[in-house]
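J.: Take a look at this one; I'll ask things after.
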Amino acid sequence: MSRPELSIVIPIYNEEAGLSALFARLYPALDALDTSYEIIFVNDGSRDRSAAILREQFQARPDVTRVILFAANFGQHMAIMAGFEQCRGEIVVTLDADLQNPPEEIGNLVARMREGYDYVGSIRRRRQDSFFRRTASRFINRLRERTTRIHITDQGCMLRAYGRKVVDAINSCREVNAFIPALAYTFAQRPTEIEVGHEERAAGASKYSFYSLLRLNFDLMTGFSLVPLQMFSLGGMVIALLSALFVAYLAIRRLIVGPEAEGVFTLFGIAFFLIGILLFGLGLVGEYVGRIYQQVRRRPRYLVDAIIERDDQE
Ligand code: UDP
Ligand code: MG
């Protein structure tokens, strides 16, 4: 099995409660596909028993299981990056460990890949989110599609398939803050999307807060496009022009009407508005500077503690 057709990459962070349920569904689902496969679990510095459980699972199925152990927590996308660098399949599928993405859907993704697509995204069928969440994500999607040309209907779903060439392209990137589905989309030549089932988290708790979701969207927009900066400089120009007209108007008024103190709050209002825009622009520039800073430090993106695999897999 030196080069399987299919590689499954699964990031794991504090998932001890749900791993046995994952194994119980994942392996039968893949065996049923009747093709050669490997599963790469990447333990992202879990502080619970996840690493030990993965070692045990390797003993149970050493023929198709490989485990990468990180030295610390480097984040879900870095874990997937590490999996991508190790995997050897022609088709690479990523999956969450919490069973929110049913492993039984992998077959549908693979079938689609075999039709000649090199990127198969997924849209969660009947998402059980609140009205507010749905509206917010629709708004953010639209904003992102406008600024980045990346068309991902449902960015929250990690159950996706990537072709070998796309994975190689991702491996040649050295980006620190990459969001894998978006990065892959920029390299894909024939992307498509399918609907997949979606379930509640089987066990354990979500690792993401509202704040990190907000961060993710900032990263997406500043990481994949310069449009925010360009919009700001354009908008800034228009506002500067309007302000100049306003100043001219005030100056003429001063000459005709003489000194006035009325409407001073209106003036304050206008000044605060402009200061607000200024602060926003500063923050926006800061986002980009921060990205540049992280990139130029050239620190390793992650540290691998150990890789557990059968010798003949090398
Ligand atoms: N994960 C990870 N490192 C982290 C956070 C999460 O490897 O720092 C993994 C986690 O174990 C899971 C996947 O990424 O397999 C998605 O995490 P989670 O289910 O918490 O995210 P959500 O579904 O809430 O977006
Ligand atoms: Mg989840």
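J.: Taking Cα atoms, how many degrees apart are the long axis of helix 264-297 and the longest axis of the chain, rounded to 10 and kept between 0 and 90?
T.: So the inclination is approximately 30 degrees.
J.: Now a separate question. Counting only residues 5 or more places away or on other chains, whose amide H sits under 5 Å from the amide H of Ile39 once H atoms are built in the peptide plane?
T.: HN-HN under 5 Å from Ile39: Ile8, Thr65, Arg66.
J.: Shape of the chain from its Cα gyration tensor (a ≥ b ≥ c, root eigenvalues): rounded if a/c is under 1.5, otherwise prolate when a/b > b/c, or oblate?
T.: prolate
J.: Sorted by accessible area with a 1.4 angstrom probe, largest first, how do Ile239, Ile292, Ile80 fall? All intermediate terms of the calculation are to be shown ahead of the outcome.
T.: On the way: Ile239 45, Ile292 100, Ile80 0 Å².
From most accessible down to least: Ile292, Ile239, Ile80.
J.: So, one more: Taking a ≥ b ≥ c as the square roots of the eigenvalues of the Cα gyration tensor of the range 160-288, is the shape rounded (a/c under 1.5), prolate (a/b larger than b/c) or oblate?
T.: prolate
J.: A follow-up question, please. Ignoring ligands, DNA and RNA, please state the percent of accessible area on the range 172-253 from carbon and sulfur, probe 1.4 Å.
T.: Details: 3430 of 4940 Å².
Carbon and sulfur atoms account for 70 percent of the accessible area of the range 172-253.
J.: Calculated FRET efficiency, Phe265 and Leu214, Cβ-Cβ r, R0 35 Å, to nearest 0.05?
T.: 0.60
J.: Here is a further query. Identify the trypsin sites (Lys or Arg not before Pro) of the range 216-314 meeting these criteria: DSSP loop state and at most 15 other C-beta atoms within 10 Å of the C-beta.
T.: Sites meeting the loop and neighbour criteria: Arg298, Arg310.
J.: Related question: If the only charges are +1 at each Lys and Arg Cβ and -1 at each Asp and Glu Cβ, what is the size of the charge dipole of the range 74-205 around the Cα centre, to the nearest 20 debye?
T.: Numbers: 20 positive and 17 negative charges, 108 e Å.
Computed charge dipole of the range 74-205: roughly 520 debye.
The values are calculated or read from the model by the stated rules, or taken from the named source; none is laboratory data. Just so you know, these numbers come straight off a predicted model, no measurement behind them. Reconstructed Cβ throughout: ideal geometry from the backbone, glycine too, with neighbour counts over all protein chains shown. Just so you know, the surface numbers come from the protein's heavy atoms only, side chains and all, with ligands and any DNA or RNA stripped out. Shrake-Rupley method; radii C 1.70, N 1.55, O 1.52, S 1.80 Å.
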